[in-house]
Amino acid sequence: MEYDIVIIGAGEAGMIAAISAKNTDENTKVLIIDRKEELGGALNSNITVGYGNKYLRRNYTAPEYAQILGENLVDCGIEYKLKTTVLEINDKKEILAVNEEDGIFTIKAKAIVLANGYAEVPRGMSNIPSSRYAGVHTLGNAKDFVHKEGFLPGKSVIIYGASDISLIFARRLIIEGAKVKMVIDNNPYEPTDEATIEQYLGDFNIPLYLGYAIESLTGRERITGISICKLDEDNKMITDTREYYNCDTLIIAPKGRPNRDLAEMAKIAIDESTGGPKVNESYSTNVEGIFACGNALYIHDFLEDFSEEAMIAGKNAVLSLKGEGFSNMALPIVKGSGIQFVAPQYINVGKMEDTLELSYRVDNKFENKKLVVYFNSEKILTKELRKVIPGIKETIIIPKNLINHYKDSEKIFIEIN
């Protein structure tokens with residue numbers, strides 16, 4: 001079984017990358033593989049409006065958007081295999097997969113795009129004691145109950161873990177008839193901007209407890225309540241602040257992590273700060289002909305955030321078949337003080353567009369600071385930061401002519417000061 005391009009992952013990023021590849025060269029033979037039974041990935045676990053604006057310039061619900069992208073795949077003549085699990089890939093771009101129809105089979109690809117998203121951290125890693133009661137769910141599991149199966153996981157709900165996704169789901173639970181008693185998070189700073197918090201929590205009178213952790217759960221067969229404590233500066237519980245709240249459902253919304261197993265099999269360099277592959281501005285990894293995009297790189301704030309990078313990855317996968325090399329990692333981008341991660345991690349100056357959009361996330365809450373960009377040790381750019389928090393990805397634009405001027409630099413270095 002041979003294809004020009006194989007895309008692993010049939011969510012938004014994978015489908016857009018496939019369509020971009022076909023639009024670049026309609027004769028390219030493209031295959032999408034996904035372990036789930038339907039196209040759409042995480043789009044199928046959401047029913048909210050607000051999808052498609054960046055890619056289609058129209059506003060759809062998540063399922064509508066997934067359906068339209070799926071129809072575009074068919075119109076482009078793109079093949080896909082669902083309920084198919086990739087067992088192995090290697091740096092020769094050979095893919096070992098399995099499904100009910102074909103059994104175990106091998107695909108030889110000329111180029112691969114990793115768009116296989118991220119995984120929730122298992123609830124057992126959340127450091128909550130006695131979490132085996134009925135009524136304790138991960139966020140993804142609870143979303144499937146509501147959005148796919150059409151029933152509530154419980155009536156009196158507490159959510160542990162504040163992010164844009166969990167705040168949106170808190171509102172959805174209220175709309176569906178549950179009572180969300182609170183959202184709790186270990187971090188002492190806001191998970192997102194104030195307007196978003198007000199929209200999803202404030203308007204529905206849902207309290208947000210920041211800088212708290214769950215000390216214990218109570219219940220017999222099903223959870224009946226939790227005890228929470230405030231955390232000190234060393235993230236240790238202050239037991240004198242213990243509070244108890246009744247509930248019949250606890251939804252754990254831990255931080256996700258990119259699915260990196262396949263990347264590691266292919267000997268792709270991993271960025272430990274993101275958990276995903278290191279890429280350059282072309283979304284090429286260090287292995288020639290293997291690209292990555294979407295939540296397989298790092299956890300994006302919203303699904304819509306990676307439509308452009310998926311288009312770039314799909315286009316460049318096709319161009320790599322025509323002899324263009326993309327895996328040059330000549331100029332590294334290094335994170336410094338105050339920076340949690342930066343992406344892309346490298347620049348191939350010869351392949352970049354007129355500007356480079358550098359994405360980064362800070363590692364703490366900062367107010368009235370500056371982002372500083374150095375070429376080697378020379379300060380080149382600064383950006384005023386009125387207020388930044390880890391929950392919101394930030395960007396800075398670096399012009400190509402500036403990079404060309406300092407193209408002999410050994411590194412680009414960014415920090416908060």
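Every number here is computed from the coordinates shown, using simple stated rules; none is lab data. What you see is a predicted model; the values in this text were computed from it and never measured. Virtual Cβ from ideal backbone geometry, glycine too; neighbours counted across all protein chains shown.
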Quick one: which of LYS81/LYS143; LYS29/LYS83; LYS93/LYS335; LYS81/LYS278; LYS315/LYS383; LYS230/LYS365 span more than 23 angstrom between C-alpha atoms? LYS81/LYS143; LYS93/LYS335; LYS81/LYS278; LYS315/LYS383
To make sure I understand, if each residue's beta carbon is the centre and we count other beta carbons within 10 Å, what order do PHE306, PHE151, PHE204 fall in, fewest to most? PHE151, PHE204, PHE306
Counting other Cβ atoms within 10 Å, which GluC sites (Glu not before Pro) in the stretch 309-359 have at most 10 and lie in a DSSP loop? GLU353
Cβ-based net charge around TYR360, under 14 Å, with every Lys or Arg adding one and every Asp or Glu removing one: -1
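Among THR355, THR249, THR84, THR239, rank each residue by its count of other Cβ atoms within 10 Å, from fewest to most, as a rough exposure measure. Present the calculation step by step, with values, prior to reporting the outcome.
Numbers: THR355 14, THR249 25, THR84 22, THR239 10.
Final ranking by Cβ density, sparse to dense: THR239, THR355, THR84, THR249.
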Computed FRET efficiency, Cβ-Cβ of GLU410 and ASP91, R0 35 Å: what is it to the nearest 0.05? 0.85
Normalised convex hull volume, the chain, alpha-carbon set, Å³ per residue: 150 Å³
Starting from the Cα-Cα distance between GLU100 and ASP261, subtract it from 0.36 nm times their residue separation and give me the gain in nm to one decimal. 55.7 nm
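Among MET311, MET1, which comes first, second and so on when ranked by fewest other beta-carbon atoms within 10 Å?
Working: MET311 21, MET1 13.
Placing the least packed residue first, the sequence is MET1, MET311.
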Taking loop as defined by DSSP and a crowding limit of 16 other beta carbons within 10 Å, which trypsin sites (Lys or Arg not before Pro) in the stretch 364-417 fit? LYS365, LYS407, LYS411
Sort the stretch 122-252 into rounded, prolate or oblate with this rule: let a ≥ b ≥ c be the square roots of the eigenvalues of the Cα gyration tensor; rounded if a/c is under 1.5, and if a/c is not under 1.5, prolate when a/b is larger than b/c, oblate otherwise. oblate
Which net charge results for the neighbourhood of ASN328, defined as the other residues with beta-carbon distances under 14 angstrom from its beta-carbon, given Lys and Arg at +1 and Asp and Glu at -1? 0
I want the local charge near ILE392. Using Cβ-Cβ distances under 14 Å, sum +1 for each Lys or Arg and -1 for each Asp or Glu among the other residues. -4
Shape descriptor, the stretch 329-409: equivalent ellipsoid semi-axes (Cα gyration tensor, sqrt 5λ, whole Å, largest first) stand at 23, 13, 11
With a cap of 13 neighbouring Cβ atoms within 10 Å, and only residues DSSP puts in a loop, list the GluC sites (Glu not before Pro) found in the stretch 185-281. GLU221, GLU233, GLU272
